[in-house]
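Worksheet: the structure to be examined is printed underneath.
The values are calculated or read from the model by the stated rules, or taken from the named source; none is laboratory data. This structure is a prediction, so every number in the text was calculated from the model and none was measured. Positions of Cβ are generated from backbone atoms using ideal geometry, with glycine treated the same way; all protein chains shown enter the neighbour counts. Just the protein is used for accessible areas: all its heavy atoms, side chains included, with ligands, DNA and RNA removed. Shrake-Rupley method; radii C 1.70, N 1.55, O 1.52, S 1.80 Å.
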Amino acid sequence: MNKIHIQEDLSGLRAVIGDRGDVFVIIDKNLREFYPYFAGFQLIELETSERNKTLETVAMLVNELLERGADRNALIIGVGGGITTDIVGFTASVYKRGVKFAFVPTTLLSQVDASIGGKNGVNFHAYKNMIGTITQPQWIYMCPEVLRTLHPRELRAGTAEALKTFVLFDPHCYRLAVDYFAELEEQLQKSGSYLLNGKFYGEERLMELIGCCARYKCEVVERDEFEKGERRMLNLGHTFAHAIEKVCVSTGIMHGEAVAIGMVLAAKVALKMGMTDSDFVEELTADLKRTGLPVEIPIDPQSSKPTEMRILVEALKKDKKVDGDHIHSILPCALGDVKDVNVPLNKLEEIAGDLR
Ligand SMILES: NC(=O)c1ccc[n+]([C@@H]2O[C@H](COP(=O)([O-])OP(=O)(O)OC[C@H]3O[C@@H](n4cnc5c(N)ncnc54)[C@H](O)[C@@H]3O)[C@@H](O)[C@H]2O)c1
Ligand SMILES: [Zn+2]
């Protein structure tokens with residue numbers, strides 16, 4: 001399963017790669033400042049956007065690898081956020097029927113989530129992640145150094161996924177994470193940056209939280225690689241998030257932001273179903289807010305009002321988790337107590353008005 005290396009910076013990467021000549025680094029074009037760390041390896045630049053996460057890009061990479069003579073013993077390293085690791089993992093898993101690959105994830109979201117677990121792939125027409133495989137990387141190298149250049153919204157998007165994992169598995173780490181990321185936000189408000197003397201404020205705490213979160217995801221994947229059961233829990237907040245991303249696309253909402261709102265909505269559904277109490281819903285909402293994440297459905301720029309819950313529920317009905325007149329939902333009832341529940345669609349329609 002995934003071997004994860006967590007270090008302070010990129011200086012330990014060469015030792016992990018080892019002494020080999022057949023290394024091909026596929027790197028996000030926006031990460032030019034990190035290119036020097038990969039001097040001496042074959043470097044292939046990647047244009048990253050959801051529009052570019054396609055089979056055409058995979059074909060382009062296959063072509064590059066062939067032209068540069070990558071054979072079946074090559075090691076391909078994907079350096080970038082979740083888009084890069086998804087595309088590179090897929091390309092490597094089909095190139096010459098599969099070659100070894102590894103990742104250096106460079107967004108918080110990809111360190112705590114996207115790079116772990118072996119799911120990779122590309123979009124197909126309007127369908128996200130429609131074509132892919134589940135193939136595990138050789139190793140994943142993470143460090144806070146690469147995160148220092150992230151835009152605050154990108155960092156918060158990763159915070160949402162990390163908090164999701166801790167809601168599922170670890171109330172203690174959840175509280176440490178809320179406190180840490182809330183302090184980071186304060187630091188940002190005070191000084192305009194998360195950094196202090198060139199490093200993240202409290203960077204060792206950040207490293208520990210990333211490591212802890214990554215380990216939880218690894219363990220779940222180890223127990224349920226092909227998502228037959230427990231791995232589904234990681235979709236906490238995601239059913240609503242996907243509906244929000246679809247319906248509120250004009251607001252420019254990011255996936256992680258939608259996950260934060262989705263977790264709050266899922267907790268409100270749990271409350272309406274008598275599975276939790278209002279204290280928990282209020283605590284979760286306040287915690288996410290403290291870390292700078294949105295907790296309410298965004299304002300539609302055209303109507304200047306939040307998108308109506310009724311419209312979100314309509315979008316939910318088209319989700320792949322709908323099974324007849326029910327939808328499989330992951331509902332948080334307390335920290336460390338999350339349930340996989342079949343919620344009747346008519347119940348959702350009935351309570352829609354009370355969810356905001
Ligand atoms: N495979 C999985 O299990 C899994 C899980 C979650 C998400 N995903 C996928 O991950 C993707 C989203 O990942 P993401 O949010 O990392 O997106 P991303 O790769 O697009 O990165 C976000 C943005 O940050 C930039 N960036 C990357 N590293 C940077 C750095 N160190 N400094 C400054 N800017 C940097 C990128 O160029 C990009 O503009 C989606 O396509 C999603 O489907 C996959
Ligand atoms: Zn997600």
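Before moving on, here are some points about what is shown:
- Segment 32-52 - residue that is part of a strand (DSSP E or B) and open to solvent by less than 40 Å² (accessible area, probe 1.4 Å) and, of those, farthest from Thr85 (Cα to Cα): Ile44
- Residue list for segment 61-70, restricted to those being open to solvent by 70 Å² or more (accessible area, probe 1.4 Å) and out of contact with any strand residue (DSSP E or B) (no Cβ under 9 Å at 6 or more places or on another chain): Asn63, Leu66, Glu67
- Output for segment 308-324, where each listed residue is open to solvent by 70 Å² or more (accessible area, probe 1.4 Å) and assigned to a strand (DSSP E or B): Asp323
- With respect to the stated conditions, Val58 is in contact (Cβ under 8 Å) with a residue 24 or more places away in the chain, surrounded by fewer than 24 Cβ atoms within 10 Å (Cβ to Cβ) and not hydroxyl-bearing (Ser, Thr, Tyr).
- Test: residue in segment 160-170 that is without any contact (Cβ under 8 Å) to a residue 24 or more places away in the chain and in the same structural domain as Lys199 (by TED's automatic domain parsing): no
- Number of residues in segment 269-296 that are without any contact (Cβ under 8 Å) to a residue 24 or more places away in the chain, hydroxyl-bearing (Ser, Thr, Tyr) and farther than 21 Å from Leu348 by Cβ equals 0.
- Some residue of segment 189-203 being open to solvent by 50 Å² or more (accessible area, probe 1.4 Å), closer than 17 Å to Glu161 by Cα and free of Cβ contacts under 8 Å to residues at least 12 places away in the same chain: no
- For segment 121-142, the candidate set comprises residues that are touching a residue at least 40 places away in the same chain (Cβ under 8 Å), more than 21 Å from Lys3 (Cα to Cα) and away from ligand 1 (no atom under 11 Å from the Cβ); within that set, the residue that is least open to solvent (accessible area, probe 1.4 Å) is Ile131.
- All positions within segment 252-268 that are small (Gly, Ala, Ser), within 13 Å of ligand 1 (Cβ to nearest atom) and in contact (Cβ under 8 Å) with a residue 24 or more places away in the chain: Gly256
- Candidates are the residues of segment 71-88 that are away from ligand 2 (no atom under 16 Å from the Cβ) and small (Gly, Ala, Ser); the one that is surrounded by the most Cβ atoms within 10 Å (Cβ to Cβ) is Gly78.
- Residue match in segment 325-338 (condition: assigned to a helix (DSSP H, G or I), closer than 17 Å to His238 by Cα, open to solvent by less than 20 Å² (accessible area, probe 1.4 Å) and in contact (Cβ under 8 Å) with a residue 12 or more places away in the chain): no
- Val343 open to solvent by less than 10 Å² (accessible area, probe 1.4 Å) and touching a strand residue (DSSP E or B) at 6+ places or on another chain (Cβ under 7 Å): yes
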